[in-house]
Amino acid sequence: MDARLLAGDADLFADFERQYDAACEQAGAASFILGKQAERTERHRRFGESAFLVEPNIKEGRGGQRDLQTLY
C-alpha cells in the first residue's frame, strides 16, 4: 500500500504512517503471503487448471500478470 500527503495536517498523516507501519509489522509478512497464495489458488481453481480450457488471460491466468505483481 502506498500513501502520501497531498493536503491537510502533516502531523496527523505522520501519525497514520507510524500506526500503519506498526500494524504491518505486528501482522507479519507470513500471514499476508499465505493469504495471497490462497487467493491465487482459488483464482486458478475458478478459471481451470489447464491452459487449454479457456483463452489465455494475462491478468488472471496461471503465471499471469497478477501472480507476478503478487510476488513483487
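The values are calculated or read from the model by the stated rules, or taken from the named source; none is laboratory data. Model, not experiment: these values are computed from the prediction. Positions of Cβ are generated from backbone atoms using ideal geometry, with glycine treated the same way; all protein chains shown enter the neighbour counts.
Based on what the data block shows, is Gln65 surrounded by 10 or more Cβ atoms within 10 Å (Cβ to Cβ) and at pLDDT 65 or above? Before the answer, list the steps.
Details: surrounded by 10 or more Cβ atoms within 10 Å (Cβ to Cβ): yes; at pLDDT 65 or above: no.
Answer is no for this residue.
Total residues in the range 6-40 satisfying the condition of being exposed (fewer than 10 other Cβ atoms within 10 Å of the Cβ) and polar (S, T, N, Q): the figure is 2.
Is it fair to say Leu53 is modelled with pLDDT of 85 or more and of a type outside the set (Lys, Arg)? Considered against the rule, which asks whether it is modelled with pLDDT of 85 or more and of a type outside the set (Lys, Arg), Leu53 comes out as no.
Taken over the range 15-37, the criterion of being under 25 Å from Leu5 (Cα atoms) and touching a residue at least 12 places away in the same chain (Cβ under 8 Å) is satisfied by Phe16, Glu17, Tyr20.
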